[in-house]
Amino acid sequence: GSTIIEENPQGMDKAPDEKKLSNSEDADTKYSHKLISSCYCCKSFLRSHHELPEHPTVSELMKYSFTCPPHGKVGDCLIWIVVGLSFWGILVAITGELALPGGNFFNLLVLYVVALVAGFMANFIGLPPLLGSLVVGILFSSVPVINVVGHNIDTYWSSALRNIALVIILIRAGLGLDPVALKKLSCTVIRLAFLPCLIEATTMGIVSTFFLGLPWSWGFMLGFIVAAVSPAVVVPSLLKLSEQGYGVDQGIPTLIIAAASIDDVLAITGFSVLLGLTFAEGSLIWTILKGPVEILLGIIYGIFFGLLCWFVPYKEKRNRAVYKFIIVFCLGALGMFGSHKVGLESSGPIAVLAFAFVAGLGWRRPGKEDPDVGVYYRFVWKIFQPMLFALIGTEIDVAAIDPDTIGWGLLAVVISLSFRILTSFVVVMGAAFTIWERLFIAIAWLPKATVQAAIGSQALDYVRLHNGEDEDIIRGEKIVTIAVMVILVTAPLGAAAIKLTGPRFLAKKLPNLSLMSDPEATV
């Protein structure tokens, strides 16, 4: 900044490459001088007139951050403000009143922007960003005056956006399942992925039936919702420990991250099957066969279109990763929303999982690898994550919650989590881990968030869409309340527990002394 804008009559202190400015930069510099020469006040805002000292104070940093031209965090904020206002203007021009205050699109935009900011603030103080977004959703639905935002969001749009987020979660899970890599890992991965999830789901299903008065099918639906761990909380926490060298020699971060994807797949599949059985209509034979039929149809859809993606796009296609990203997202969304259209709702998640898994198998062949596809989906997930958690938060009106639901629900969650932690501790006993490492694995298997936000309201959405009975609506609201409560309780506690116990319970990888003794290797 200063080398371009400041004048240097002598020119003796400039480096050769600084003297050779491009024509465009030189023109911009001359124009800037002409622009500010007539106004002395403008010079006080230029970065070239505010050089930072070697050890600046906070006030000096703050003052420097607002100098011109915009830069740093202020420049980033300005970019997003321009993009956001432009996007809102486009919505107003296209949709009219829907994008004006009080309209559906305006409410969604306000909710998303505030959720995004709250996520940054939560991350700044060391909490998972999803918590900030979730709390924003609850506030916009519960606090007087601003609750008009949460109450005036169209339920169909809310459900559709959450389903899109679920499609992204399922695609990432399916593409991340590598059977060859899983074979190399011990059967400990399978035990850790299946047994704690099944034990917790079963425990929650039984306990919630007695404590919350839910039917057996609804209770086990809640069990599989609660049973899934959250990669959005677990993976970043474990990656930070891995970078510091904790548990790397024992392979603990790899073990937990690999098992987390399978755990989520199992929980979503179990929930989808129970959702189909719970709302099956017609003869007894169809009620019994609907679950297996929907599973079979979902697998067939996944295999057919997954095999198609082995050949499309073709190998020589330019920007092949971009086309893979687009094709997988479109076919995944088609499987999810198409299953709802034909009345086979529980087959949608299974179809997306199977499709992403089969497509990923083909893309791992030599010459077909495109790691950028995963990068694109991580970026898209960062966009949809604030909206997903904010929308599930808007389903909660604190004033309307039954205190008994909170009390008995919290007790049911504590009991089911206790069984999960105990099971996780036991299933890794034969893997040559110390008792402290086994305890850390059990603690790391605690946080919940992503799957609960994605499928927690699926049953309630189904009842609303099909004009179900009031009793079923109450049951659906209970499940949503428990799902949100689980996120609020386990996500911050789990993240904090991983951060605190990791350095204490895990062995740190020692540096390679042979390399350190060799100066050339060290350099």
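Restricting the first member to the stretch 54-68 and to residues that are modelled with pLDDT of 75 or more, and the second to residues that are in a loop (DSSP other than H, G, I, E, B) and of a type in the set (D, E), no beta-carbon pair is closer than 7 Å while six or more apart or on different chains. Applying the criterion of being over 19 Å from F379 (Cβ atoms) and among the hydrophobic types (A, V, I, L, M, F, W, C) to the residues of the stretch 315-351, the residue that is modelled with the lowest pLDDT is L344.
Kindly indicate whether any position in the stretch 91-114 is closer than 21 Å to M485 by Cα, open to solvent by less than 40 Å² (accessible area, probe 1.4 Å) and in contact with a helix residue (DSSP H, G or I) (Cβ under 6 Å, 6 or more places away or on another chain). Among the residues of the stretch 91-114, at least one is closer than 21 Å to M485 by Cα, open to solvent by less than 40 Å² (accessible area, probe 1.4 Å) and in contact with a helix residue (DSSP H, G or I) (Cβ under 6 Å, 6 or more places away or on another chain), which makes the answer yes.
When I288 is tested against (1) modelled with pLDDT of 80 or more; (2) not in a loop (DSSP other than H, G, I, E, B), just one condition goes unmet, and that condition is (1). Give all pairs with beta carbons closer than 7 Å in which a residue from the stretch 128-145 that is touching a residue at least 60 places away in the same chain (Cβ under 8 Å) meets a residue that is surrounded by fewer than 22 Cβ atoms within 10 Å (Cβ to Cβ) and among the acidic types (D, E); count only pairs at least 6 apart in sequence or on separate chains. Partner pairs satisfying both residue conditions: S141/D397; S142/D397.
Taking the criterion of being among the β-branched types (V, I, T), under 22 Å from L195 (Cα atoms) and in contact with a Leu (Cβ under 9 Å, 6 or more places away or on another chain), would at least one residue in the stretch 405-418 satisfy it? No: the stretch 405-418 contains no residue that is among the β-branched types (V, I, T), under 22 Å from L195 (Cα atoms) and in contact with a Leu (Cβ under 9 Å, 6 or more places away or on another chain). The residues of the stretch 308-350 that are open to solvent by 70 Å² or more (accessible area, probe 1.4 Å) and either of a type in the set (V, I, T) or in a helix (DSSP H, G or I) (or both), listed by number, are L308, Y323, I326, C330, L334, F337, K341, V342. Residue check: I168 meets all listed conditions (1) on the phi > 0 side of the Ramachandran plot; (2) among the β-branched types (V, I, T); (3) open to solvent by less than 20 Å² (accessible area, probe 1.4 Å) but one, namely (1).
Listed conditions (1) of a type outside the set (G, A, S); (2) under 25 Å from W363 (Cα atoms); (3) open to solvent by less than 20 Å² (accessible area, probe 1.4 Å) are all met by E200, apart from (2). Scanning the stretch 442-472 for residues that are open to solvent by 10 Å² or more (accessible area, probe 1.4 Å), modelled with pLDDT under 90 and not polar (S, T, N, Q) gives L446, D461, Y462, R464, L465, H466, G468, E469, D470, E471, D472.
Is one or more of the residues making up the stretch 406-415 without any contact (Cβ under 8 Å) to a residue 12 or more places away in the chain and either open to solvent by less than 30 Å² (accessible area, probe 1.4 Å) or more than 23 Å from S237 (Cα to Cα) (or both)? Yes.
If the condition is being among the small types (G, A, S) and over 25 Å from L161 (Cβ atoms), then the stretch 361-392 contributes G362, G367.
Candidates are the residues of the stretch 422-441 that are closer than 17 Å to T203 by Cα and free of Cβ contacts under 8 Å to residues at least 40 places away in the same chain; the one that is most open to solvent (accessible area, probe 1.4 Å) is L422. Which one is modelled with the highest pLDDT, of the residues in the stretch 360-400 that are of a type in the set (D, E) and open to solvent by 70 Å² or more (accessible area, probe 1.4 Å)? Only one residue fits best here, namely D372.
Listed conditions (1) modelled with pLDDT of 85 or more; (2) in a helix (DSSP H, G or I) are all met by P144, apart from (2).
When both residues are 6+ apart or on different chains and their Cβ atoms are under 7 Å apart, which pairs have a first residue that lies in the stretch 491-505 and is among the charged types (D, E, K, R), and a second that is in a helix (DSSP H, G or I)? Filtered contacts from the stretch 491-505: K499/S237.
The values are calculated or read from the model by the stated rules, or taken from the named source; none is laboratory data. Owing to the predicted nature of the structure, the values given are computational and were not obtained by experimental measurement. Here the Cβ is made from the backbone with ideal geometry for all residues, glycine too, and neighbour counts use every protein chain on show. The area values use the complete protein model at the heavy-atom level, side chains included, leaving out ligands, DNA and RNA. Shrake-Rupley method; radii C 1.70, N 1.55, O 1.52, S 1.80 Å.
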